[in-house]
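One structure below.
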Amino acid sequence: MYKFKHDNREFRKTLYQEETPFDNWEIGLRTKQESEPKKMEIPKLRLRKRSDIQKEDQVFYLAWLGAAFLSVIWNLSIGRIGNAFASLLAAGITIIVGYFTEPSSWSQARYGLSFWNASVTVGVLLKSIHPDLYRFRNIVMWAAVVGMAFGLFFDREFSVFFWGVFLVSGVLVLAARDFELYGRLAKGLAWFLFLSASLEFIFYGILPLVLVFMSITLHQTYERLRNLHIKYPEWLEEG
């Protein structure tokens with residue numbers, strides 16, 4: 001009996017080489033993979049000399065530096081070594097954060113798609129908790145502002161708690177992709193904390209290190225969100 005001989009290798013080779021649809025499919029897939037970015041980048045904190053700084057930011061950091069050095073001189077003159085050291089540490093934090101970080105790097109175009117992806121991820125998470133949770137962001141922000149302000153007059157730990165609440169409320173802002181009000185409030189709170197620390201130094205001769213840290217953190221938040229734009233995927237814009 002005649003046995004039909006079938007070479008599987010030859011059959012596969014014929015399909016792969018001679019059939020045009022397979023060739024086009026492979027070339028198209030390879031081209032698409034090469035055009036897509038390997039990964040979405042996110043801004044990383046790097047300590048290096050800032051390439052540029054806006055005038056309003058310069059004024060803020062110089063104000064803190066002036067207050068810190070005045071506090072160092074005053075506390076050394078009256079023999080409060082601990083307070084002088086704390087003020088010197090505040091000056092060091094101001095210099096490092098103010099002049100050796102790049103908060104403006106958040107507004108670079110290559111990070112736009114990463115922020116969009118993060119906002120969608122956070123939005124899905126929040127909606128799984130409650131469909132309209134992120135819509136209460138303004139209430140949470142203003143509650144944190146009021147709590148922080150009153151906490152400075154009654155209990156500083158209370159103020160620190162609401163400072164944390166304000167920073168966490170940034171998650172709601174990210175989900176809503178609306179940074180305008182949040183950034184303005186962060187800037188206002190940063191200057192309010194500076195004023196509070198200055199008054200405490202005038203009346204008590206002490207520059208609270210915790211207020212320095214809180215204020216600079218809020219101002220850095222404002223700088224990072226000031227010109228931040230989320231880049232929508234091209235396929236979504238076309239749709």
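Some observations on this one:
- Pairing residues of the range 163-184 that are on the phi > 0 side of the Ramachandran plot with residues that are open to solvent by less than 40 Å² (accessible area, probe 1.4 Å) and of a type outside the set (S, T, N, Q), at Cβ distances under 7 Å and at least 6 apart in sequence or on separate chains, gives R177/I230.
- The listed residue being more than 18 Å from the chain's Cα centre (by Cα) and within 26 Å of K127 (Cβ to Cβ), out of F201, F194, F162: F162
- A186 vs. criteria out of contact with any Gly (no Cβ under 8 Å at 6 or more places or on another chain) and within 14 Å of T217 (Cα to Cα): yes
- Test: residue in the range 201-210 that is modelled with pLDDT under 90, surrounded by fewer than 20 Cβ atoms within 10 Å (Cβ to Cβ) and in a loop (DSSP other than H, G, I, E, B): yes
- So G79, is it small (G, A, S) and open to solvent by 40 Å² or more (accessible area, probe 1.4 Å): yes
- Of the candidates F85, F100, the single residue that is touching a residue at least 40 places away in the same chain (Cβ under 8 Å) and surrounded by fewer than 16 Cβ atoms within 10 Å (Cβ to Cβ) is F100.
The values are calculated or read from the model by the stated rules, or taken from the named source; none is laboratory data. Predicted model, so just to flag it, every value in this text is computed and none were measured. Please note: Cβ atoms are built from the backbone with ideal geometry, for glycine as well, and neighbour counts cover all protein chains shown. Surface accessibility is based on the protein's heavy atoms, side chains included, excluding ligands, DNA and RNA. Shrake-Rupley method; radii C 1.70, N 1.55, O 1.52, S 1.80 Å.
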